[in-house]
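Structure first, commentary second.
The values are calculated or read from the model by the stated rules, or taken from the named source; none is laboratory data. What you see is a predicted model, and the numbers here were worked out from it, not measured in a lab. All Cβ positions, glycine included, derive from the backbone under ideal geometry; neighbour counts span all protein chains shown.
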Amino acid sequence: MNERVIATNITKSFRSTKALNDVSFSVNEGELFGFIGPDGAGKSTLFRILTTVMNADSGDALVDGFHLKDEIAIRSRVGYMPGKFSLYHDLSVQENLEFFAKVFGTTVQENYSIIKEIYVQLEPFKDRRAGKLSGGMKQKLALCCALIHKPRVLFLDEPTTGVDPVSRVEFWEMLSRLKQSGLTILVSTPYMDEASRCDRVALIQKGRILDIDPPGVIIKKFPLHVIAVKSENMQKLRKDILKVEDAESVYGFGEFLHITMKKENSSTEKIETLLKQQGHQHTEVKIIEAGIEDCFMHLMENN
């Protein structure tokens, strides 16, 4: 299988802060590869380096067969959608698209087929200034501009941050269809639930990659049992749950607390007994399958 991106020992520091620490990975042709991690994990810095917007302190990468020093060759072969909306607010939708096509020496008409499915949703607003678009429409326009020169590798830096849940789902559906055309896509996101939409993911924190695998494989490797607990008094519950014997960790996930426990100590009975003793009412205690969030928190604590 051809590898479209091969990164080797990439390191980058900003004064005393190490943004990337010896990062290595590879991405296959036609793969949808996700970098999952919180703000400050190093995702944006990595994408800026791989798209030649920024230089690494050390290490190198091959992007579509070219080393990072080959800036012009790489820029003509990649599409890059930065995390912050970076198109021209005072230009219309159509003007932005035509401008980016011209920068890459092509035209909208020549490459319309690759953006058609996305652009038809924008077409009713083609004369509207980009700065006046909704978050979801800005996202679609930025994607069209990143695709207009038919890149071989697409970098999307937190493309769904700040958009509504419906637009998030629509966006990932668009990425799945683009992937079917053979396009290699690297996407970063702080949303753990988006990991399941990727072929493989790299869990990244503080500039270090904690694990790389398909999401299902990462979950299967999780060595503990997870028990989800909630009650009518969640603040008191968090304090009391720390008294559970043999609990490895306790984290909040939505309306539940997740307790990770050694497999031989995964019974819910001791937790139910403890909560009853502490006066909790309307409780719910259940063993659940670990999610990517649980795996991420466990890897953070053990690396």
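Inside region 140-170, can you point out the residues that are closer than 19 Å to R48 by Cα and without any contact (Cβ under 8 Å) to a residue 40 or more places away in the chain? Result: T160, single match. Considering only residues in region 119-155 that are of a type in the set (K, R) and under 20 Å from the mean Cα position of the chain (by Cα), the one that is farthest from G34 (Cα to Cα) turns out to be K138.
I'm checking my understanding of the structure. Among residues of region 76-103 that are farther than 15 Å from K132 by Cα and under 22 Å from the mean Cα position of the chain (by Cα), which one is surrounded by the fewest Cβ atoms within 10 Å (Cβ to Cβ)? Filtering first and then ranking leaves K84. The single residue among G207, G279 that is of a type in the set (G, A, S) and either over 30 Å from the mean Cα position of the chain (by Cα) or at pLDDT below 90 (or both) turns out to be G279. Restricting to region 49-66, and then to whatever is in contact with a strand residue (DSSP E or B) (Cβ under 6 Å, 6 or more places away or on another chain) and surrounded by fewer than 17 Cβ atoms within 10 Å (Cβ to Cβ), can you tell me which residue is nearest to F14 (Cα to Cα)? This residue is D57. Of all residues in region 236-276, exactly one satisfies the criterion of being among the acidic types (D, E), at pLDDT 85 or above and in contact with a Lys or Arg (Cβ under 7 Å, 6 or more places away or on another chain), namely E255.
Sort out which residues of region 173-191 are polar (S, T, N, Q) and more than 16 Å from the chain's Cα centre (by Cα), and write them in order of number. Listed by number, the residues that qualify are Q180, S181. Can we say L141 is assigned by TED's automatic domain parsing to the domain that holds Y119, surrounded by 20 or more Cβ atoms within 10 Å (Cβ to Cβ) and not in a strand (DSSP E or B)? In short, yes. Residues that are surrounded by 15 or more Cβ atoms within 10 Å (Cβ to Cβ), more than 15 Å from the chain's Cα centre (by Cα) and of a type in the set (S, T, Y) occur in region 157-169; there is at least one.
Residues of region 205-237 that are small (G, A, S) and without any contact (Cβ under 8 Å) to a residue 24 or more places away in the chain: G216 alone.
Does I259 satisfy the condition of being part of a strand (DSSP E or B) and in contact (Cβ under 8 Å) with a residue 40 or more places away in the chain?
When the stated conditions are applied, I259 does not pass them.
Residues of region 207-228 include at least one that is surrounded by fewer than 20 Cβ atoms within 10 Å (Cβ to Cβ), among the β-branched types (V, I, T) and either closer than 24 Å to V108 by Cβ or in contact with a helix residue (DSSP H, G or I) (Cβ under 8 Å, 6 or more places away or on another chain) (or both). Flag: A202 matches the condition of being touching a strand residue (DSSP E or B) at 6+ places or on another chain (Cβ under 8 Å), at pLDDT 90 or above, hydrophobic (A, V, I, L, M, F, W, C) and surrounded by 15 or more Cβ atoms within 10 Å (Cβ to Cβ). Could you tell me which residue of region 1-54 is farthest from the chain's Cα centre (by Cα), considering only residues that are among the hydroxyl-bearing types (S, T, Y) and modelled with pLDDT under 95? Result: S16.
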